[in-house]
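K.L.:
Questions regarding the structure given below will be posed in turn.
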């Protein structure tokens with residue numbers, strides 16, 4: 001009955017051959033009819049397990065370092081032109097793309113802060129190029145706006161609906177002087193099935209700047225880039241924060257250059273002749 005073919009590590013074959021041919025005078029020589037018999041002689045009663053623990057030259061060691069892209073935020077401008085509070089809807093391409101005002105009530109105007117970009121472009125890009133947020137800045141001409149709740153909805157076509165309320169008030173710092181601005185370090189996934197809801201104060205205007213951490217961009221793979229872009233940390237101006245002296249880093253004492261004292265050599269004793 002024929003034996004099954006089994007792959008033998010080449011290094012073990014060399015070690016076995018060296019052991020059996022270690023004497024040049026012929027001692028220890030074992031004759032084999034073919035290489036297959038030698039392989040099976042080595043394998044009898046032994047089980048070998050190949051381990052590839054990321055040796056030098058492996059795919060992990062040869063992997064390219066991850067490229068960091070410069071932070072490139074989105075900015076959304078929301079206006080409530082009525083004298084009553086209204087619920088504004090952001091994103092939600094799968095649900096609101098074909099609806100009037102993209103799901104917003106009459107009186108809510110949404111635009112993009114970047115010149116020449118329409119909101120429908122951002123809406124569709126959030127579906128084709130989903131991203132994960134890392135930081136968000138909210139600025140409003142109404143002090144009460146930054147204390148509102150942000151409701152995050154994720155609704156799939158299979159009927160699964162996830163809803164979460166984010167209390168923006170908890171991100172307010174006691175050392176922040178500007179009462180109309182709020183920095184929110186929040187990680188939320190934005191895709192076609194995601195949409196945000198926020199109550200807007202009457203006759204108010206709010207700017208929401210969103211910094212992505214990761215963004216899926218499969219078109220970049222055509223040029224050799226990775227399909228998932230990783231962005232550097234958000235660089236924001238924090239001049240609106242008042243840091244008390246007790247929390248400021250202590251100034252380092254000035255280090256005076258050390259002056260090596262001059263050392264006079266000792267006078268050698270004079271030898272007198274007798």
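K.L.:
I need the shape label for segment 54-175. Rule: rounded when a/c is under 1.5, else prolate if a/b > b/c, else oblate, with a, b, c from the alpha carbon gyration tensor.
P.N.:
Cα axes put segment 54-175 in the prolate bin.
K.L.:
Using the C-alpha gyration tensor of segment 107-201, what are the square roots of 5 times its eigenvalues, in whole angstrom, with the largest one first? Could the numbers behind the result be given before it?
P.N.:
Working: eigenvalues 120, 62, 34 Å².
So the three semi-axes of segment 107-201 are 25, 18, 13 Å.
K.L.:
Something else about it: Fully extended, how many nm does the chain gain between residue 225 and residue 151 (0.36 nm per residue separation, minus their Cα-Cα distance)?
P.N.:
Here the answer is 23.2 nm.
K.L.:
Relative contact order for segment 58-151: what percent, with Cα pairs under 8 Å and sequence separation of 6 or more?
P.N.:
So the answer I get is 26 percent.
K.L.:
Hey, fewest Cβ within 10 Å first, where do 213, 200 land in order?
P.N.:
Sorted ascending by nearby Cβ count, the order is 213, 200.
K.L.:
Taking other Cβ within 10 Å of each residue's Cβ, how do 222, 109, 90 sort, fewest first?
P.N.:
The most exposed by this proxy come first: 222, 109, 90.
K.L.:
Another question, then. Based on other C-beta atoms within 10 Å, arrange 72, 183 from fewest to most.
P.N.:
Values: 72 12, 183 20.
If I rank by nearby Cβ atoms, fewest first, I get 72, 183.
Here, each number is a calculation from the coordinates, and none is a lab measurement. Remember, it's a predicted structure, so these values are computed and weren't measured experimentally. All Cβ positions, glycine included, derive from the backbone under ideal geometry; neighbour counts span all protein chains shown.
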